[in-house]
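Report on the following structure.
The values are calculated or read from the model by the stated rules, or taken from the named source; none is laboratory data. Quantities reported herein were computed from a predicted structural model and do not represent experimental measurements. Don't worry about glycine lacking a Cβ; one is built from the backbone with ideal geometry, like all the others, and counts go over all protein chains shown.
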Amino acid sequence: MSKFLNNEGLLYLWGKIKTYVSGALPKKVSELENDSKFITLSDVPEGAAASNTVPKANGTASAGKEAAFARGDHVHPHDDTKVDKVNGKGLSTNDFTNDDKNKLDGIAAGANNYTLPTAGSALGGVKTTSDVSDAKGYTPVPIIGGVPYYKDTDTTYENMGAATASAAGKSGLVPAPAAGAQAKYLRGDGTWGTPTNTTYKDATQSTAGLLSTADKKKLDAFGEASTYATKEDVTKQIADAGHIKKQIVENLPAASAAADNVIYMVAKKTANGDNAYDEYMLVSGKLEHIGDTQADIETLTTDDIDALIAQAQ
């Protein structure tokens, strides 16, 4: 059986831990063992005054070896990959080369500074989205207040182009339906057709329809709704079922007066004064002793703690 640590045992164990720690850990830094990874005061070169000297920002590097101590006045080498900051100037994400500067110097002031004048009745320019290189095929239009006006005289339109399995149709006029075709619809091939019959039969156990055969069989297997228990029915059945209860009594009742599903708890004396009860229950018309509430817990003694510490060392 496992043993447990009570308050007295915990205090005893804590005293053992404090005694061990006070004797095992060093009390002064001088008692620590040094290694080669750290420097001591004796390792610092004579004349190194790191607190009142400033390293030089440029020059030939003189820091010594990697593991050596760097004097406070050691020299940092100049980084040729960087440029010094100049007042009034900033950095850019783009490089401005000599070629760029020469090209810029060759452009006259105000070059290409041209604004297209608004077209009027006598003079002006008209913006277009295409390059006009030949006047053939273009229709002259009047420009009034800078706005061109064009009248399209071609009002002849063709019927829509039919679509095929391999080619798309073209937009156009809808072909006129013939008399008596009022129930037909316009197809993608440009003709008027009759809709396909989409009438479905009701589903049965042997014929699929709006409901699958398997689902129809499952539905037919259910009984009338009145044959199933409702939520209220289930709740009542649970409430009416027997539930175990506990009741503390000074004396056991007579078997004839005892109730079913009740554990009668009678107080009993214990060695340590804790509350404990004998438990009885009505079984086949008799009150039977079914157990007690006392827990048998064995604690660790000081001898047990000493033995465990000795075993761990």
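Some notes on this structure:
- In region 230-245, the residues that are loosely packed, with under 10 Cβ neighbours inside 10 Å and of a type in the set (A, V, I, L, M): Ile238, Ala239, Ala241, Ile244
- Cβ-Cβ under 9 Å pairs, at least 6 apart or on other chains, region 77-92 side outside any loop (DSSP other than H, G, I, E, B), far side at pLDDT 70 or above: none
- Annotation: of all residues in region 265-307 being surrounded by 13 or more Cβ atoms within 10 Å (Cβ to Cβ) and touching a Leu at 6+ places or on another chain (Cβ under 8 Å), the one that is modelled with the lowest pLDDT is Leu300.
- Pair list, Cβ under 8 Å, 6 or more apart: region 171-185 residue without any contact (Cβ under 8 Å) to a residue 40 or more places away in the chain and more than 7 Å from Met160 (Cβ to Cβ), other residue in a loop (DSSP other than H, G, I, E, B) and charged (D, E, K, R): Pro177/Lys184
Condition check ((1) under 30 Å from Pro117 (Cα atoms); (2) touching a strand residue (DSSP E or B) at 6+ places or on another chain (Cβ under 7 Å); (3) surrounded by 12 or more Cβ atoms within 10 Å (Cβ to Cβ)) across all residues:
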site	(1), (2), (3)
Ala163	no, no, yes
Leu173	no, yes, no
Ala176	no, no, no
Gln182	no, no, no
Leu210	no, no, no
Asp220	no, no, no
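- Filter result for Ser133 (at pLDDT below 85, in a loop (DSSP other than H, G, I, E, B) and surrounded by 10 or more Cβ atoms within 10 Å (Cβ to Cβ)): no
- Look at (1) under 25 Å from Asn7 (Cβ atoms); (2) assigned to a helix (DSSP H, G or I); (3) free of Cβ contacts under 8 Å to residues at least 40 places away in the same chain and you find that Ile309 fails only one, number (3).
Residue-by-condition table, conditions (1) hydroxyl-bearing (Ser, Thr, Tyr); (2) assigned to a helix (DSSP H, G or I); (3) out of contact with any Cys (no Cβ under 6 Å at 6 or more places or on another chain):
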{"residue": "Asp189", "(1), (2), (3)": "no, no, yes"}
{"residue": "Lys201", "(1), (2), (3)": "no, no, yes"}
{"residue": "Gly209", "(1), (2), (3)": "no, no, yes"}
{"residue": "Asp215", "(1), (2), (3)": "no, yes, yes"}
{"residue": "Asp220", "(1), (2), (3)": "no, yes, yes"}
{"residue": "Ser226", "(1), (2), (3)": "yes, yes, yes"}
{"residue": "Glu232", "(1), (2), (3)": "no, yes, yes"}
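- Checking each residue in region 198-235 for being among the charged types (D, E, K, R) and under 45 Å from the mean Cα position of the chain (by Cα) picks out Asp215, Lys216, Lys217, Lys218, Lys231, Glu232, Asp233.
- Residue in region 149-160 that is assigned to a loop (DSSP other than H, G, I, E, B) and at pLDDT 85 or above present: yes
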